[in-house]
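Taking it in order: structure first as structure tokens, then the write-up.
The values are calculated or read from the model by the stated rules, or taken from the named source; none is laboratory data. Source: prediction; values computed, not measured. As a convention, Cβ positions derive from the backbone with ideal geometry for all residues, glycine included, and neighbour counts pool all protein chains shown. With ligands, DNA and RNA removed, areas are computed over all heavy atoms of the protein, side chains included. Shrake-Rupley method; radii C 1.70, N 1.55, O 1.52, S 1.80 Å.
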Amino acid sequence: QVQLVESGGGLVQAGGSLRLSCAASGSIFSINAMGWYRQAPGQQRELVAAITSGGSTNYADSVKGRFTISRDNAKNTVYLEMNSLKPEDTDVYYCNGEGNGMDYWGKGTLVTVSS
């Protein structure tokens, strides 16, 4: 089993920045890729950014150039640096880890961007 715990969400003004962290524990050797998703009430969860164990990254078009995903393997932590935040970035952000056919999720952290 893998446990994922997010932190770093909060309230920020438009144009501001936040950094989300996701700490992984448990059977982390089974994880190949990690990512951040977000979900608004009544909406489907959507991929924001992902990073493989080799360091390849993938971003949603809506966040390219503003968000950066990174990982610190020594700390078993994945980060999402979010800059130039917009009100439409307001969502619950979830950390995801996948590997060996399994998907693991954190409980989410709320990001609120005020206009």
* Asked: Take the residues of region 1-42 that are at pLDDT 90 or above, within 16 Å of Trp105 (Cβ to Cβ) and of a type in the set (A, V, I, L, M): which is surrounded by the most Cβ atoms within 10 Å (Cβ to Cβ)?
  -> Met34
* Verdict on Asn58 being open to solvent by 60 Å² or more (accessible area, probe 1.4 Å) and touching a residue at least 60 places away in the same chain (Cβ under 8 Å) -> no
* Asked: Is region 59-70 home to any residue that is closer than 17 Å to Leu4 by Cβ and under 12 Å from the mean Cα position of the chain (by Cα)?
  -> yes
* Selection status of Ser53, surrounded by fewer than 14 Cβ atoms within 10 Å (Cβ to Cβ), of a type in the set (Ser, Thr, Tyr) and free of Cβ contacts under 8 Å to residues at least 40 places away in the same chain -> yes
* Scan region 38-69 for residues that are touching an Asp or Glu at 6+ places or on another chain (Cβ under 7 Å) and among the hydroxyl-bearing types (Ser, Thr, Tyr) and jot them down. => Thr68
* Mind counting the residues in region 18-41 that are under 24 Å from Ser56 (Cβ atoms) and outside any strand (DSSP E or B)? => 6
* To do: Could you please let me know if Val78 is in contact with a Cys (Cβ under 7 Å, 6 or more places away or on another chain) and either open to solvent by less than 30 Å² (accessible area, probe 1.4 Å) or closer than 20 Å to Gly8 by Cα (or both)?
  => yes
* Are any residues in region 95-113 open to solvent by less than 40 Å² (accessible area, probe 1.4 Å) and in a strand (DSSP E or B), and if so, which ones? -> Cys95, Asn96, Gly97, Gly99, Tyr104, Thr109, Val111, Val113
* Asked: Do the conditions hold for Ala74, that is, is it in contact with an Asp or Glu (Cβ under 7 Å, 6 or more places away or on another chain), at pLDDT below 95 and of a type in the set (A, V, I, L, M)?
  -> no
* To do: Would you please list the contacts, defined by Cβ atoms under 8 Å and residues six or more apart or on different chains, that run from a residue in region 1-17 that is more than 15 Å from Ser27 (Cβ to Cβ) to a residue that is surrounded by 13 or more Cβ atoms within 10 Å (Cβ to Cβ) and of a type in the set (Phe, Trp, Tyr)?
  => Glu6/Tyr93; Glu6/Tyr94; Gly9/Tyr93
* **Which numbered condition Asp89 fails, given (1) charged (D, E, K, R); (2) surrounded by fewer than 21 Cβ atoms within 10 Å (Cβ to Cβ); (3) at pLDDT 95 or above** => (2)
